[in-house]
């Protein structure tokens, strides 16, 4: 049984076909990269998987550990172990980063039947993980994403990933807006999460991120479906010949 | 558990020595229906009041007869029949239930969400329990602590008996009997309320809460509160209770007067959750309150902090008169209106002394078909040189059938003052909700988190114990408003 299975996903937005029969199979312990040009359906794919309102499948199926996600709400999917690292993390004014983290972690733990953290216990745990991501204490005292730089926002996303320990993580263009140093930190954070019990799907435009987060499989997304799959060398091919070449060939 | 005879006798004994007024003194339970001069005399007589107070009440009653109900607020309600109200009834005449099973399940659900222990739930819901003894012993230790410092905290009717000079000096000094229609009514028929006096140089060691006064759960319709703080003294007073309070009496017209002397500070916090009635607003409370603080002394400070989520119609404007030079007035408010509620609330800051300062932070949250209006007045008199005001009113709209309105009045009579006013209106964005959902929080948790974030500046002014309850309360009052 694969960890995440997408079968023939078809989705319309405002009457237009966006996902046109997308299929993907991700097993535990694997890192998959999905690359594609603008308009190929990358964001739609992430929102669809995460269960955002308005992004319901018209046709097809999504299975997480064999269970169908289609009837599950966004928060149910999250508690079941699906994590989305947003491309543009939104600000939550007045909502303290530390409390937000704790509520998120506790809702996952509650679902798993694990003991929830109390305030002090959580702070200790959070600080430990935060230092690995170079997220300073001071940042955790601020409101979620308010006044965070682009790099800080992405580091905070990956910190959340580290604390939630999801089964499947979707990283939606996590590299956008990052300089090389930030990219390195974020990639190290992601790589530290890799284990034989979970899986990661990295959605990206550029090959550069994949130098740091080396995928097991690379898929090319074009016009709402995956047109080609291969190993890491496929990413280098994109770098060399661009998407157009690959799309025309298929 | 039913009270034993021994307990009842012991309570009677203690009650008498504490003079908690009318438990032991009442012959008849209620005055006849309606309001006239005889009723006013009846009330005064029942409370064994001195002549000067009876005359004061009668003056107020006569003034009330000449006044008209105010109609400028953006609220609609059916006319109140003032002759269809009992103006005096002994406390504890509420119907007694036998167990929590007889209580409205909706009410119980709210108590549970607020984390109120079962014993307290029984008390609040009017279930006959043997709780009096416990409360009396709590009140005993509490009172002793205060007496040591010379602080007076008692029912106002008790203060009239034991400290008449103080009451006479200050009652009506901040809100005169003719101030407004409801204040005049209150002055004529008030029956209950708190009296606080903090002597010079004393910092009250604990937060004074109306919860500590026995019978406060059955708070009257016309409460009158008077708080006096002498030079260099401090008190923090908590009014209200997060548990929804049902009351057959629809109209609540309280009056609260605060007086702060040189270098003193009064912090007055209110968390009110009157039963808002059903989804269509039927059976809810009309909360028409006049609250005002007089910063008499130099460098005195009065802060009003309130979280209002209940009542069918709310009409209140806690205000500050900044008389003393360099005095400070603050108003922090969160007003939630959901379903069919209507709220017209705000504040008045009157700058009279030099270099006085006022801060107003008002957060209005509207949901359902509710209408939430902020009405504020900043008045800077011509001698209030160097005064400053900062006002921020933010509105949060949930759904597209509710409304938020802001009506600021700024009257500035000296160019040397500085007045700043900022206002924002926003909706809870779908992106924000989705972000929270994607982290495993359900819609209710997400809304509560975002709304509390919106109210943070106000919530942090609340005393800790109230802040936690208030947060839960806001979450509950917005249930069903999103999704």
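All of the numbers you see were taken from the coordinates with simple rules; none came from a lab. Keep in mind the model is a prediction, meaning the values are calculated, not measured. Please note: Cβ atoms are built from the backbone with ideal geometry, for glycine as well, and neighbour counts cover all protein chains shown.
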| message | Cut-off 10 angstrom, C-alpha nodes, Gaussian network model of chain A. Which of A:13, A:22, A:234 fluctuates the most? | response | A:13
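Other chains near B:453-460: what is the mean number of their Cβ atoms within 10 Å of each residue's Cβ? Kindly include the intermediate steps, with their values, before the conclusion.
Numbers: counts 11, 4, 1, 5, 1, 0, 1, 1.
Going residue by residue through B:453-460 and averaging, the value is 3.
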| said: Per-residue Cβ counts within 10 Å, from other chains only, averaged over A:70-81: what number is that? | reply: 4
| request: Measure nothing fancy, just the Cα-based angle from helix A:180-193's long axis to the longest principal axis of chain A, in degrees from 0 to 90, nearest 10. | output: 80
| Highest mean first, what order results for B:405-411, B:254-260, A:100-106 on Cβ atoms within 10 Å? | B:254-260, A:100-106, B:405-411
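Restricting to Cα atoms and excluding each atom paired with itself, what does the Kirkwood estimate give for segment B:416-462 in Å?
Numbers: mean 1/r = 0.0787 Å⁻¹.
Result for segment B:416-462 stands at 12.7 Å.
Estimate the FRET efficiency between residue A:241 and residue A:195 by the formula 1/(1 + (r/R0)^6), using the beta-carbon distance for r and 41 Å for R0, to the nearest 0.05.
Working: r = 34 Å, r/R0 = 0.83.
The pair residue A:241/residue A:195 has a calculated efficiency of 0.75.
What translational diffusion coefficient, in µm²/s and rounded to a whole number, does the Stokes-Einstein relation yield for segment A:1-144 at 37 °C and a viscosity of 0.692 mPa s, taking the hydrodynamic radius as the Kirkwood radius over Cα pairs?
Numbers: Rh = 17.3 Å.
Answer, rounded: 189 µm²/s.
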| request: With everything on Cα atoms, drop me the angle between helix A:119-132 and the longest principal axis of chain A, reported from 0 to 90° to the nearest 10. | output: 50
| task | Rank these for me by crowding, B:345, B:424, B:414, going from fewest to most other beta carbons within 10 Å. | result | B:424, B:414, B:345
| query | Which distance in Å, rounded to a whole number, links the C-alpha centroids of segment B:393-452 and segment A:196-212? | reply | 39
| query | How big is the gap, in Å, between the Cα center of segment A:80-155 and the Cα center of segment A:13-43? | reply | 27
| field | Mean separation of Cα contacts under 8 Å, 6 or more apart, over the residue count of segment A:1-124: relative contact order % | value | 23
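Neighbour counts of other C-beta atoms within 10 Å: give me A:148, B:82, B:153 arranged from fewest to most.
On the way: A:148 19, B:82 13, B:153 24.
Least to most surrounded, the residues fall as B:82, A:148, B:153.
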| task | Distance from a point 7 Å along Cα→Cβ of residue B:479 to each backbone N in segment B:360-376: keep the residues under 16 Å and list them by number. | result | B:368
| message | Compute a Gaussian network model of chain A, connecting alpha carbons closer than 10 Å, and tell me which residue from A:51, A:21, A:113 fluctuates the most. | response | A:113
| remark: From fewest to most C-beta neighbours within 10 Å, the residues B:332, B:170 line up as B:170, B:332
| message | Let me confirm one metric for peptide A:93-103, namely the mean number of other chain beta-carbon atoms within 10 Å of its residues' beta-carbons. | response | 5
| Contact order normalised by residue count of segment A:148-250, Cα under 8 Å, 6+ apart, percent | 23
